[in-house]
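Reviewing the structure listed below.
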Amino acid sequence: MANYHISKNKESGKWNIQKESAERSSGSADTQKQAEKIAKQFASNSGGGEVRIHGLDGKIRDSDTVAPGNDPRDIKDKKH
């Protein structure tokens, strides 16, 4: 399982996709929505995990569990 973070790169203007604990970006996209889709595919390919989406202020604004990840909450995500 692998967790990924999506955050805006202020220099390039793109949305970075970074695996948790990695030093370098795993990829980037022009829009946050594209970055989220790519990060979810990366997480799925590695056996599931969490995709954490950071707002422009750098704080986590949303988090999605990618199957077969272990979501501790028993709540259905109605945003995605």
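As for the range 57-65, it holds no residue that is assigned to a loop (DSSP other than H, G, I, E, B), in contact (Cβ under 8 Å) with a residue 40 or more places away in the chain and surrounded by 17 or more Cβ atoms within 10 Å (Cβ to Cβ).
For every residue, the table says whether it meets (1) at pLDDT 95 or above; (2) touching a Pro at 6+ places or on another chain (Cβ under 8 Å).
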residue	(1), (2)
7	yes, no
19	yes, no
29	yes, no
34	yes, no
38	yes, no
48	no, yes
65	no, no
70	no, no
78	no, no
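Within the set 39, 35, 43, 2, the sole residue that is out of contact with any Cys (no Cβ under 7 Å at 6 or more places or on another chain), touching a residue at least 40 places away in the same chain (Cβ under 8 Å) and in a helix (DSSP H, G or I) turns out to be 43.
Only residues that are touching a Lys or Arg at 6+ places or on another chain (Cβ under 8 Å) and assigned to a loop (DSSP other than H, G, I, E, B) were counted across the range 21-32, and they come to 2.
The values are calculated or read from the model by the stated rules, or taken from the named source; none is laboratory data. None of the values given here were measured: they were computed from a predicted structure. Reconstructed Cβ throughout: ideal geometry from the backbone, glycine too, with neighbour counts over all protein chains shown.
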